[in-house]
Amino acid sequence: MSITAQNVTKRFGNFVALDNVTVDCPAGELVALLGPSGSGKTTLLRVIAGLEVPDSGTVLFRHDDITKHSARDRNVGFVFQHYALFRHMTVFENVAFGLRVRKWPEQRVRDRVQELLRLVRLEEKAPLYPANLSGGQKQRIALIRALAPEPKVLLLDEPFGALDAKVRAELRDWLRRFHDELHVTSIFVTHDQEEAFEVADRVVVLNKGRVEQEGRPIEVFEHPKNEFVIDFLGNVNKLPVRVEDGRALLGETGTVELPAKLFGANENGRTDAYIRPHELDISRSAEGGNCLLGKIVHINPAGSVVKVRLLAEDFGLMINVDVTPDRYRSLALKQNENVYVTPKSARIFEAEYTI
Ligand code: ATP
């Protein structure tokens with residue numbers, strides 16, 4: 001079942017929470033709504049769920065306009081950040097709840113609940129109450145409770161927000177498995193870009209009630225459309241440059257040229273260039289000349305890449321560089337040493353130019 005929100009606008013008083021938003025979720029895909037706090041993610045999810053009525057625009061499930069249907073009639077599963085399990089009901093009864101409301105026969109209820117509890121490996125918790133479960137276990141129960149009545153659409157609002165990093169990662173795997181095995185179309189809200197990129201088939205980046213960019217994670221990562229998106233994705237160096245004769249030059253008087261694509265209209269202006277940490281190289285000599293001198297202020301070698309933080313005093317800039325563990329060992333980098341940093345590529349966004 002595909003889901004489409006078409007030209008959706010939603011106001012709260014004078015405040016525009018969603019401004020002509022169009023989002024397409026192809027059938028069977030897992031889509032992440034990503035954006036800073038207040039960007040409209042939850043409002044969009046609630047409009048799709050039928051918990052909020054848009055001022056204008058339509059919501060389609062497949063080709064059917066369901067904008068005016070009640071939440072109850074939409075057959076969606078909803079998972080919230082804070083579990084929202086019924087405290088006075090056992091785990092079994094929590095999962096069975098939606099099935100009993102729909103008047104499933106008792107034997108079918110039992111089979112379905114057992115099957116789902118097995119899937120999340122929590123069969124032995126069936127007679128317990130939510131208070132006796134850990135946060136991760138509660139959220140697994142909340143997930144299967146939403147999935148029990150076999151919805152075609154699963155909507156999740158920051159489902160793992162309240163959990164620690166390890167449990168979050170585990171639950172991400174669960175979500176991906178459920179999604180694939182149970183053939184639903186899922187939309188989940190997160191402000192954690194790493195989570196979105198890891199688990200989703202598509203990501204939609206929202207900002208101030210508008211869609212900034214939408215696409216496969218790799219497309220959005222490799223071709224961020226504007227400064228907002230690259231900044232929001234995080235982990236990027238932002239360096240002030242001036243543009244002269246089609247070249248992007250770093251600093252006031254410096255002559256370090258950044259290998260960025262420029263556009264004619266942007267001549268002789270000041271702007272920012274964005275360089276990801278792996279797009280910079282560290283070397284011991286200034287070979288080639290087009291490099292910055294930097295003093296290593298911190299090295300974090302614990303990880304699959306080694307993170308090096310440098311101060312380029314001539315430019316008054318802190319720069320983050322990622323190097324491979326092999327490169328780190330062969331250069332024998334140490335704190336307080338001076339090394340040379342060479343930009344391999346850089347991005348400059350046309351729209352943000354000031355002349
Ligand atoms: P967060 O990550 O903080 O949950 P979000 O991107 O999900 O943020 P929304 O919850 O959709 O953002 O809210 C978008 C904007 O709409 C916010 O500025 C919020 O204050 C406003 N808003 C949401 N619901 C209401 C409401 N019922 N009444 C008034 N304003 C609201």
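The values are calculated or read from the model by the stated rules, or taken from the named source; none is laboratory data. A quick note: this is a predicted structure, and the numbers were derived from the prediction, not measured. In this analysis, Cβ positions are derived from the backbone assuming ideal geometry, glycine residues included, and neighbour counts consider all displayed protein chains. These area figures cover heavy atoms from the full protein model, side chains too; ligands, DNA and RNA do not enter into them. Shrake-Rupley method; radii C 1.70, N 1.55, O 1.52, S 1.80 Å.
For segment 49-82, a residue qualifies if it is hydrophobic (A, V, I, L, M, F, W, C) and either away from the ligand (no atom under 16 Å from the Cβ) or open to solvent by 60 Å² or more (accessible area, probe 1.4 Å) (or both), and the qualifying residues are L51, V53, L60, F61, I66, V76, F80. Take L85 and decide whether it is touching a residue at least 60 places away in the same chain (Cβ under 8 Å), hydrophobic (A, V, I, L, M, F, W, C), away from the ligand (no atom under 16 Å from the Cβ) and in the same structural domain as F178 (by the TED database). It is true that L85 is touching a residue at least 60 places away in the same chain (Cβ under 8 Å), hydrophobic (A, V, I, L, M, F, W, C), away from the ligand (no atom under 16 Å from the Cβ) and in the same structural domain as F178 (by the TED database). Counting only helices (runs of 4 or more DSSP H) that sit completely within segment 44-153, those holding 2 or more residues that are touching a helix residue (DSSP H, G or I) at 6+ places or on another chain (Cβ under 8 Å) and at pLDDT below 90 correspond to 135-147. The numbered conditions (1) buried (at least 19 other Cβ atoms within 10 Å of the Cβ); (2) part of a helix (DSSP H, G or I); (3) not β-branched (V, I, T) are all true for E181 except (1).
In segment 293-301, the condition of being crowded, with 20+ Cβ neighbours inside 10 Å, in contact (Cβ under 8 Å) with a residue 40 or more places away in the chain and assigned by the TED database to the domain that holds E244 is met by at least one residue. Any residue in segment 151-167 that is touching a residue at least 60 places away in the same chain (Cβ under 8 Å) and open to solvent by 10 Å² or more (accessible area, probe 1.4 Å) sitting within a Cβ distance under 7 Å of a residue that is within 16 Å of the ligand (Cβ to nearest atom) and hydroxyl-bearing (S, T, Y)? List the pairs, counting only those 6 or more apart or interchain. Partner pairs satisfying both residue conditions: D157/T42; E158/T190. Which residues, counting only those in segment 2-48, are open to solvent by 60 Å² or more (accessible area, probe 1.4 Å), more than 8 Å from the ligand (Cβ to nearest atom) and at positive phi? If the condition is that a residue be open to solvent by 60 Å² or more (accessible area, probe 1.4 Å), more than 8 Å from the ligand (Cβ to nearest atom) and at positive phi, then N7, N20 are the ones that fit. Does K344 meet the test of being over 13 Å from Y274 (Cα atoms), open to solvent by 80 Å² or more (accessible area, probe 1.4 Å) and either under 25 Å from the mean Cα position of the chain (by Cα) or among the basic types (K, R) (or both)? For K344, the condition - over 13 Å from Y274 (Cα atoms), open to solvent by 80 Å² or more (accessible area, probe 1.4 Å) and either under 25 Å from the mean Cα position of the chain (by Cα) or among the basic types (K, R) (or both) - is not met.
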